[in-house]
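Worksheet: the structure to be examined is printed underneath.
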Amino acid sequence: MINEKMYGLGDEPSVIRELFAYGLERKAEIGAENVFDYSIGNPSVPAPSLVRETLEELLTLDPVELHAYSPAAGLPPVRQAIADSIARRYGQQATAAHVYMTAGAAAALAASISAVTHPGDEVVVISPYFPEYRTWIEAAGCTVVEVPALQPSFQPDIEALDAAINERTSAVIINSPNNPVGAVYTRQSLEALAALLSRKEAELDRPLYLISDEPYREITYGAEVPWVPSIYPRTLVCYSYSKALSLPGERIGWVYVSDDAEDGDAVAVAVAGAGRALGYVCAPVMLQRVAARCVDEPSDVEAYAQNRRLLTEGLDALGYEYVEPDGAFYLWVKALEPDANAFSERAKGFELLLVPSDSFGCPGWVRLSYCIARDTIERSMPAFAALKESYAA
Ligand code: PLP
């Protein structure tokens, strides 16, 4: 008999992917230039040329060696290169033994969650949040506890987190720069969160892990993105090159378990064990080498900065309300009616594909991915105007 839970996951694509698939169909019907697809976070800037150069060089190596399995946690020189980069960039005494290479942030998160929880535990997420967190938390047999962020800043609500953390809590997941709202958590917020977790650890007499999901770390518009392990030692950083180097389909990232965590050595081993239990074997091996080579390669943020300016100025002129994003490439826009699904459906009538906010655990908004062609943003403005107008009628 099939597992109904797994059937459900396979049968119900995420709202984002469903809208993306609808967009593909619609583009085939009426022409790609007539659909304004703000659905998915596929980076619109090309990967840096160093990625291609590295891949070309790799293809000249002995293929037997090149394509062989790596050790489960990754190739030792690759893990060392990541640890060295962490040390250089954040002043953290990082060791290669605490770096575990993964197939993107998704695998990093799934392994981290499994490593620090037991079935029946609770994992706290700050809403709105990346919907796949629920999938990974529930797959580990745990329960999701949603704690709304403060509005309008979308910083963590420390008092609400205080009320939510109890003797069943194992971990809190944070994501800054944030998908979907674009908020970047301030040092002050992170310090307040760290103080809370330390107090709760003492009160509850159990470790509380902070899982910091950081695929957008490099994509900011001037805001500081503090290094979380230097603020709270019991942190697992889940990093990815999907957005930083525009390689989402190549599946490469890592988990770094802070060397300063009291039980960090054991947690790093448990992350490797969780990866083994999940059947990951090892991260894509050519991409591990690319990651090591591109470890300090800067992200091309300029195109996103321009899109952000264009989109926010256009929506300002039309009177839409949104959260000013400090990072990532998403705009969180207030729906023009309380039901975000109905608003998203109505937007489709104007060929605007906007993701409704309910699946992010927060009603009444839509998410716009602006990692798209600049020209699409420009041409979509009359559609936004007509959508707004349709509510005035
Ligand atoms: N976490 C967040 C907040 C994301 O937005 C994404 C992808 O969009 C992921 C994790 C997964 O990223 P990856 O492609 O590295 O698995």
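The values are calculated or read from the model by the stated rules, or taken from the named source; none is laboratory data. Predicted model, so just to flag it, every value in this text is computed and none were measured. Heads up, the Cβs are rebuilt from the backbone with ideal geometry, glycines too, and the neighbour counts pull from every protein chain shown. Side chains included, ligands, DNA and RNA excluded: accessible areas come from the protein's heavy atoms. Shrake-Rupley method; radii C 1.70, N 1.55, O 1.52, S 1.80 Å.
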Among the chymotrypsin sites (Phe, Trp or Tyr not before Pro) in the stretch 1-58, which ones are in a DSSP loop with at most 16 other Cβ atoms within 10 Å of the Cβ? Mind listing them?
none
Per-residue ellipticity at 222 nm attributable to helices in the chain (runs of n ≥ 4 DSSP H, -39500 (n - 2.57) apiece, nearest 500 deg cm²/dmol) works out to -13000 deg cm²/dmol
Need one word for the stretch 181-320: rounded, prolate or oblate. Basis is the Cα gyration tensor (sqrt eigenvalues a ≥ b ≥ c); a/c below 1.5 gives rounded, then a/b vs b/c decides.
oblate
Of the candidates 91, 222, 104, which one comes out as most mobile in a Gaussian network treatment of the chain with C-alpha springs shorter than 10 Å?
222
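Quick check for you: with a 1.4 Å probe and neighbouring chains kept, what is the accessible area per residue of the chain, in Å²?
43
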Full-stretch length increase - residue 260, residue 62 - with 0.36 nm per residue and alpha-carbon distance subtracted
67.4 nm
Fully extended contour minus Cα-Cα distance, from residue 223 to residue 53, at 0.36 nm per residue:
58.1 nm
The answer for chymotrypsin sites (Phe, Trp or Tyr not before Pro) in the stretch 61-149 that fall in a DSSP coil and have at most 16 neighbouring Cβ atoms within 10 Å is 69
Check: C-alpha center the stretch 62-82 vs C-alpha center the stretch 243-284, spacing in Å is 14
Given contacts defined as C-alpha pairs under 8 Å and at least six residues apart, what's the relative contact order of the chain, whole-number percent?
23
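Over 35 Å apart: what share of the alpha carbon pairs of the stretch 50-293 falls there, rounded to a whole percent? Present the calculation step by step, with values, prior to reporting the outcome.
Working: 3277 of 29646 pairs.
Tail fraction, whole percent: 11.
With both bridge residues required to lie in the chain, what share of the DSSP beta bridges run antiparallel, to the nearest 5%?
50
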Which percent of the accessible heavy-atom area of the stretch 305-355 goes to carbon and sulfur, probe 1.4 angstrom?
44
Residues with beta-carbon under 11 Å from that of residue 128, excluding residue 128: net charge, scoring Lys, Arg +1 and Asp, Glu -1?
-1
